[in-house]
Amino acid sequence: MIVAEGTPIACLVDTAPDFAPRAKYALRTLLTPLGLAPRWAPRAALADAAPPDAPLAYYGPPAAAPPHPRLISLAHAPAAAMFLAGDAPFRPEQASTREMGGRRVPVCFADEQGRPDLVASAFLWLSGWQERAVAKRDMHGRVPFADSLAAQLGTVRFPVADAYRDALAEQLRAGGAPVSPRRWAGRDWAFCSTHDVDYGRKWRPGILYREGMHYFAQNHLGASWRERCGRFGRVGRQMLSGDPFRRAMREIPREVALRDGTATFFAKAGAGHPRDTPYRLGSPFLKNWMDRIAAQDFEIGLHPSYRAIDEPERFAREARRLGRALERVGAPPPVSVRQHYLRFDPAATPRLQAASGFRIDSTLGFSEQEGFRRGTCLPFPLYDLEADRPLDIWEMPLAVMDSTLFGYRKLDVSAAIRSTFELMETCRRYGGAFVGLWHPVLGDEIDFPGWKRHFLATLDEARRREACIMGLAQALGNWE
């Protein structure tokens with residue numbers, strides 16, 4: 001197991017048979033960060049599975065609760081199972097709010113007494129139910145942020161499912177359960193610096209043509225002749241000083257290591273679409289670079305090509321290609337993956353990932369908005385809604401991407417830093433993992449001014465707040 005088991009706690013799930021696998025998934029996912037591991041107690045053998053001197057967590061109709069001396073009865077809304085047996089999207093007006101941790105939190109389902117059904121509500125968020133139910137997609141096949149549950153309930157900056165977990169922890173403690181929240185290598189929270197290597201270098205033929213024709217020969221965006229000549233001079237000086245993307249690929253590990261951390265880089269191993277920029281993993285620069293960072297315990301994962309979200313042969317071929325490249329430099333096989341353009345087909349993509357031996361995904365963030373797409377800043381196993389079962393893939397949810405802040409949202413550097421720091425504090429508050437994505441374009445101050453400043457400020461803040469600074473696999477392996 002990539003995540004160690006916790007302290008056993010007896011759990012009895014008494015729901016409609018079709019809903020039981022979903023309830024067990026949600027309950028296990030809520031319990032894991034609390035240092036607990038459910039031991040499913042069949043009603044027929046309850047005395048053996050749940051002795052009288054140990055707590056028993058019960059999720060089912062109150063009238064059917066067993067007469068156990070240390071029963072912890074969790075609110076159960078039968079209507080939740082009925083709703084989740086269909087395929088309609090959850091509507092914002094169906095939610096209610098409850099006081100949790102000093103704030104009003106949206107709850108998707110509640111029982112007849114108005115108590116929040118934390119298990120079913122968590123399932124709706126963590127399983128990606130809403131994303132499957134919503135038909136609309138953007139030009140890249142992604143669920144638009146505006147159509148997401150996080151946008152409709154106004155919770156994208158608040159991890160709703162983690163608030164549910166805190167409420168559950170209070171109830172479990174009151175019932176005598178040995179709640180002991182996991183820590184990250186002895187730290188309260190984790191900071192995962194991740195980097196998608198979309199390009200092997202900046203100065204490619206297409207970019208040179210752009211500079212010559214689009215920026216210099218043409219009147220780009222109404223720029224004056226003086227302004228165009230100024231840019232031409234800056235570009236020339238940049239070219240003479242070395243490729244800025246490659247320089248960033250060397251500097252990023254150095255900056256992370258200076259703060260006693262490691263990071264994850266996602267490398268491409270194929271291209272089959274205009275949105276892909278091909279490069280050779282066996283080129284002298286990339287081979288030496290991978291050799292150097294692997295020797296420093298930095299992780300190298302796969303960044304599949306644009307079309308490799310539902311094409312098994314393409315995905316497997318790219319995974320094998322990266323595996324061979326890592327083997328040549330003595331690095332371990334890749335276990336982490338992030339899909340290009342954050343394209344993710346919940347029915348197909350995680351199956352491809354698991355079939356190629358990947359154990360960690362970090363795709364699930366929004367391209368248009370920073371925050372918590374699935375309502376959590378903590379790792380969780382992905383759920384296959386088609387097969388109705390958990391997958392052996394852990395999601396390390398993406399909270400912030402540089403191109404979201406500066407590209408989609410058009411924030412200036414100060415506003416981007418403020419937004420990022422607020423989300424980091426939320427992750428610290430809930431003992432989660434802040435996963436940030438910075439592309440090596442941050443080495444290019446001509447076309448991406450301020451991106452490097454944002455990255456370094458965020459790194460410094462993580463260290464100041466005493467985060468565990470590690471790559472994805474390292475962090476998850478040290479979530480104890």
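Nothing in this text is a laboratory measurement; each read-out follows from the coordinates by a stated rule. Please read these numbers as outputs of a predicted model, since none were measured by experiment. Here the Cβ is made from the backbone with ideal geometry for all residues, glycine too, and neighbour counts use every protein chain on show.
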DSSP-defined beta bridges in region 7-174 - what % are antiparallel, rounded to 5: 30
Solution diffusion estimate, µm²/s, Stokes-Einstein, region 366-424, Kirkwood Rh from C-alpha pairs, 37 °C, viscosity 0.692 mPa s: 254
What aspartates and glutamates does Lys287 reach when the alpha-carbon gap must be under 15 Å and sequence neighbours fewer than 8 apart in one chain are set aside? Glu299, Glu327
Listed pairs Lys136/Lys452; Lys136/Lys202; Lys202/Lys410; Lys268/Lys452 exceeding 29 Å between Cα atoms: Lys136/Lys452; Lys136/Lys202
What dipole magnitude, in Debye to the nearest 20, does the chain give about its Cα centre under +1 on Lys/Arg Cβ and -1 on Asp/Glu Cβ? 1580
Highest-first arrangement of 378-388, 169-179, 392-402, 92-102, where packing means the average Cβ count within 10 Å: 392-402, 378-388, 169-179, 92-102
With point charges of +1 on the Cβ of Lys and Arg and -1 on the Cβ of Asp and Glu, referenced to the Cα centre of region 7-174, which listed residue (Ala10, Leu31, Ala151) lies farthest in the positive direction of the dipole? Ala151
Under a Cβ-only charge scheme (Lys and Arg +1, Asp and Glu -1), can you give me the dipole magnitude of region 389-440 about the Cα centre, in debye to the nearest 20? 120
Restricting things to alpha carbons, find the Rg to Rh ratio for region 331-455 using the Kirkwood radius for Rh. 1.00
Return the Rg/Rh ratio of region 7-174 with Cα-based radii and a Kirkwood Rh. 0.99
The chain - share of DSSP beta bridges that are antiparallel (%, nearest 5): 25
Would you calculate, for the chain, the mean residue ellipticity at 222 nm contributed by helices, counting each DSSP H stretch of 4 or more residues as -39,500 (n - 2.57) and dividing by all residues, to the nearest 500? -10000 deg cm²/dmol
Nothing charged except the Cβ atoms of Lys and Arg (+1) and of Asp and Glu (-1): what's the magnitude of the dipole of region 98-175 about its Cα centre? Round to the nearest 20 debye. 240
How would Ile300, Ile309, Ile446 line up from fewest to most surrounding beta-carbon atoms within 10 angstrom? Ile446, Ile309, Ile300
How far apart, in nanometres, would the label points at Arg320 and Phe285 be if each is projected 7 angstrom from Cα along the Cα-to-Cβ direction? 2.9
Dividing the alpha-carbon Rg of the chain by 2.2 N^0.38 Å yields what? 1.04
What ranking do 113-120, 36-43 get when scored by the average of other Cβ atoms within 10 Å per residue, highest first? 113-120, 36-43
For the chain, with the dipole built from +1 on Lys and Arg beta-carbon atoms and -1 on Asp and Glu ones, taken about the Cα centre, which of Pro178, Pro332, Ser283 lies farthest toward the positive end? Ser283
Neighbour-count ranking for Thr376, Thr29, Thr277 (other C-beta within 10 angstrom, fewest to most) reads Thr277, Thr29, Thr376
Going by a ≥ b ≥ c, the root eigenvalues of the Cα gyration tensor, does region 1-106 fall in the rounded group (a/c under 1.5), the prolate group (a/b larger than b/c) or the oblate group? prolate
By counting other Cβ atoms within 10 Å of each Cβ, how are Lys24, Lys268 ranked from fewest to most? Lys24, Lys268
